[in-house]
Amino acid sequence: MADLSTIIHNIKLKNPVLTASGTFGYGVEFDDFFDVNLLGGFIVKGTTIHPRQGNPYPRMAETSTGMLNAVGLQNAGAQYFATEIYPKLLKYETNVLVNVSGSTVEEYVACAEIINELDHITGIELNISCPNVKEGGMAFGTSCPSAAAVVSAVRKVYKKTLVVKLSPNVTDIAEIAKAAEGAGADSLSLINTVLGMAINAETRKPVLSTITGGLSGPAIKPIALRMVWQVSQAVKIPIIGLGGIMNATDAIEFFLAGASAIQVGTANFIDPLATVKIIDGIDHYLNRHKISAISELIGCLHL
């Protein structure tokens, strides 16, 4: 077997396959399907300082090459996670990261402070695609100053690996990436979902209760690949690539574009075993091409 290990700042992954937040629950939901410890790690669903009910139904819609979602970060809050969910995660011998979200800088900081006290959590993924309610609803991740502000504030209170998840709904992803790096990010994950919508032609109404939602799945892979490649040229910190990864070939493309690890998202809804199949497929690719380690592929796109 080839060496599939990779490093994201201070986190050593046995293999480069993680799961995307919001597509894998809290990990325990997949125990009936496979040994979750086979993964390089997993990222639990979005967590906020206060409990959130999420958006009204309908809030998911299938598209021809993916899905739209507008779940709205439904969760029971950071304190509930720490007291009720975290103890269930202690059994895992792989990396567990928590996706952290908020509506103000103060909410991000408060949530990160709680997660910082949980020893078994190896890092947080900061979701800066959330709307900044104090700035009129513009997402934190759509401007360099607001992205830097929230990353800097969290960096002051969070002591372990800080991954910042970038929004694709921007003009220049590389500039946002550099702002996050400069503010203290240890790694970047990209991309989050692309803003989209669906319409029911018979009723002439939007399919989603929120009208628009986040598009994920194969449709966004070319966008994600392009952004990973652009960001890899602009920053020195490691990149975690995601967006439409359905199989091992998709994953290999992201490594070549510059990602040190990948996340599997929408594929988990289609096949609960997608991640382990991708791990096996990556190993098969490396052996077939007589490549001894995944590190030999990262950023090795032939131009």
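Which value, in debye to the nearest 20, gives the size of the charge dipole of segment 93-234 about its Cα centre, when Lys and Arg are +1 and Asp and Glu are -1 at the Cβ?
Values: 11 positive and 13 negative charges, 81 e Å.
So the magnitude is around 380 debye.
Applying a threshold of 21 Å to the alpha-carbon distances of LYS45/LYS165; LYS45/LYS236; LYS165/LYS236 flags LYS45/LYS236 as lying beyond it.
Count the net charge of all other residues whose Cβ sits under 9 Å from the Cβ of VAL164, scoring Lys and Arg as +1 and Asp and Glu as -1. Could the numbers behind the result be given before it?
Details: positive: LYS165; negative: GLU125, GLU181, ASP186.
Overall, the nearby charge balance is -2.
Of all the Cα-Cα pairs you can form in the chain, what percent are over 32 Å apart? In whole percent, the share of Cα-Cα pairs in the chain beyond 32 Å is 20.
In plain terms, the residue of CYS300, CYS144, CYS111 with the fewest other Cβ atoms within 10 Å comes first and the most crowded comes last, giving CYS300, CYS144, CYS111.
In the chain, the DSSP beta bridges split such that about 40 percent are antiparallel, to the nearest 5.
For the pair ASP31 and GLN74, label points projected 7 Å from Cα toward Cβ lie 2.2 nm apart. Each of the peptides 18-24, 196-202 was scored by the mean count of other Cβ atoms within 10 Å over its residues; in descending order, highest first, they stand as 18-24, 196-202.
Starting with the highest mean, order 251-261, 267-277 by the number of other Cβ atoms within 10 Å, averaged over the residues of each peptide. Show your work: numbers first, answer last.
Working: 251-261: 23.9, 267-277: 18.0.
Taking the mean over residues of other Cβ atoms within 10 Å, the ranking is 251-261, 267-277.
With a 10 Å radius around each residue's Cβ, average the other Cβ atoms per peptide and rank 171-183, 73-85, highest first. Walk me through the intermediate numbers first.
On the way: 171-183: 19.3, 73-85: 17.1.
Highest to lowest by the protection proxy: 171-183, 73-85.
The ranking of HIS289, HIS50, HIS302 by Cβ neighbour count inside 10 Å, starting from the fewest, reads HIS302, HIS289, HIS50.
In this simple spin-label model, placing a label point 7 Å from the Cα along the Cα-to-Cβ direction at both ARG226 and LYS134 gives a separation of 3.4 nm.
Taking 0.36 nm per residue of separation and subtracting the Cα-Cα distance, full extension of the segment from LEU195 to LEU90 would add 34.3 nm. Computed over the chain, relative contact order equals 20 percent, with contacts defined as Cα pairs under 8 Å that lie 6+ residues apart.
For segment 189-227, the residues whose backbone nitrogen is under 15 Å from a point 7 Å from the Cα of TYR57, taken along Cα to Cβ, are 208-210.
A short reminder: the numbers here are calculations on the coordinates, not readings from a lab. For clarity, every value in this text was computed on a predicted model and none was experimentally measured. Positions of Cβ are backbone-derived with ideal geometry, glycine not excepted, and every protein chain shown enters the neighbour counts.
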